[in-house]
Amino acid sequence: MNTRVLTGITTTGTPHLGNYVGAIRPAIEASRRDDVDAFFFLADYHALIKSDDAARIERSRLEIAASWLAAGLDPQRVTFYRQSDIPEIPELTWFLTCIASKGMLNRAHAYKAAVDKNAAAGEDADAGISAGLYMYPVLMAADILAFDANQVPVGRDQIQHIEMARDLGQRFNHLHGHEFFVLPEALIEEQVATLPGLDGRKMSKSYDNTIPLFAGGAKQLREAIMRIVTDSRAPGEPKDPDSSALFTIFRAFAGEAETAAFRQALLGGIGWGEAKQALYERIEADVAPMRERYEALMADPAAIEATLRQGAQKARAIATPKLAALREVLGLRAMTTAPVARAKAAPKHERSPRFASFRDDDGRFRFRLFSADGEELLLSRPFADPKAAGALQKRLRSLGAAAAVLQLQAQGMSLELDGEAVASTPDYRDEQARDEALAQLRAALDQLAAQA
Ligand code: TRP
């Protein structure tokens, strides 16, 4: 079973070394694992909450996309997209807003911090606080729930948001009596170093102590490194590696042997200037080839645009059918289609969808699902064990359309359970035929669930 890992990057800044070591590098490494299905996106709707500077948001989107691609993100493997290209996200945000308790949002850390700041300044509690900031956790829950993410790698400050996403997902599931949403878990990477910045505090844009990853080229990288604060020990005096930001940053890039050698050099009294040069050279060895790709990408925004649009298409292949199902359970279905209640009340003797099991040429066990009218709807994947095929049939009987995760493909669709494609439809000649088949499949799943 694949684990769907999803994370968003708010597009208000320019990536620095701390972002690279703490987020970009580990996320890309994780995305290469065979059991991981990674979704990374530019959270540009979230950026609007923090900034009304259009030029800055535009630039940040481009720089962040180029940085992740330059650092090795493979858009064929990862679903890499922009939040604002997925209309299903704001749609789901509204559905979740309608079940979110205002009290829960009052308790959100970011909102509470803003209220406390107003109180300390003797201002009205909500002075200058936008409803966007207030709703921030609901938008984030929609980001996550729209794609049934299992794990969400985030910093500690975001744990509460993941809890709220779970809470909203659970509430929706409970209200509508079905497991519509996978409940996500926060993934806190304990072993990932938080990198110290120029002044020794955590490297962060808000402390203005960052070292740029690509911006400004090798020259600015070197200049920033030369500004890292050190103690006043002179060349020849032993330096303490464990209290040195320089050493911590070095270790985040170097292997064990190199790190041990650098430790010895510090203990042996290497001058700070020389140590900084060594740090610069170590980082530059990793960064230089990525920077070359970064610059090529920055010079070709059309290529990045095309990559992100393809990503949005992949993402929407999941979100579109999901939201269609949610609209239905909420009472927003088209008036021309039969309501769920009528399907449920169908008399027993009415013909129903049926399964037909068979063995394929390789002796493996599969089955098809046919509609009540005898149309083929689904073909299961092959199983070596007939019990496994039987177990899947059983799950499909009680699944119901709303809980079905369907991936639209060019000509057909596949049905996923636990992140794995378990069955597929025939190929259809065009989109209209596919959409009709989708409606039929959904009706059949609902009819089976009503009988289960
Ligand atoms: N709020 C996150 C941050 O500031 C960014 C974000 C937006 C996000 N939507 C998300 C992270 C969904 C994980 C999942 O870091």
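Assorted remarks:
- Filtered by the rule that a residue be within 19 Å of D199 (Cα to Cα), touching a Lys or Arg at 6+ places or on another chain (Cβ under 8 Å) and aliphatic (A, V, I, L, M), segment 222-265 gives I225, M226, I228, L246.
- Residue within segment 129-148 that is among the acidic types (D, E), under 30 Å from the mean Cα position of the chain (by Cα) and surrounded by 12 or more Cβ atoms within 10 Å (Cβ to Cβ) present: yes
- Only one of A224, A108, A125 that is farther than 20 Å from G8 by Cβ and in the same structural domain as S67 (by TED's automatic domain parsing): A125
- When S357 is tested against the conditions (1) of a type outside the set (V, I, T); (2) out of contact with any Phe, Trp or Tyr (no Cβ under 6 Å at 6 or more places or on another chain); (3) modelled with pLDDT under 90; (4) assigned to a strand (DSSP E or B), the lone failure is (2).
- Within segment 1-11, the set of residues being within 12 Å of the ligand (Cβ to nearest atom) and assigned to a loop (DSSP other than H, G, I, E, B) comprises T11 only.
- Cβ pairs under 8 Å, 6+ apart, first in segment 78-93 and within 14 Å of G8 (Cβ to Cβ) and crowded, with 19+ Cβ neighbours inside 10 Å, second among the polar types (S, T, N, Q) and modelled with pLDDT of 95 or more: V78/S31; F80/T307; I89/Q83
- Filtered residues of segment 147-179 (kept if within 15 Å of T93 (Cβ to Cβ), of a type in the set (A, V, I, L, M) and near the ligand (Cβ under 10 Å from one of its atoms)): A165
- The residue pairs whose first member lies in segment 147-167 and is in a loop (DSSP other than H, G, I, E, B), whose second member is within 11 Å of the ligand (Cβ to nearest atom) and among the basic types (K, R), and whose beta carbons are closer than 6 Å, counting only pairs six or more residues apart or on different chains, do not exist in this structure.
- Condition met for T194 (touching a residue at least 24 places away in the same chain (Cβ under 8 Å), surrounded by 15 or more Cβ atoms within 10 Å (Cβ to Cβ), hydroxyl-bearing (S, T, Y) and more than 24 Å from M298 (Cβ to Cβ)): yes
The values are calculated or read from the model by the stated rules, or taken from the named source; none is laboratory data. Being a predicted model, the structure only gives us computed values, none of them experimental. Note: ideal-geometry Cβ built from the backbone for every residue, glycine included; neighbour counts use all protein chains shown.
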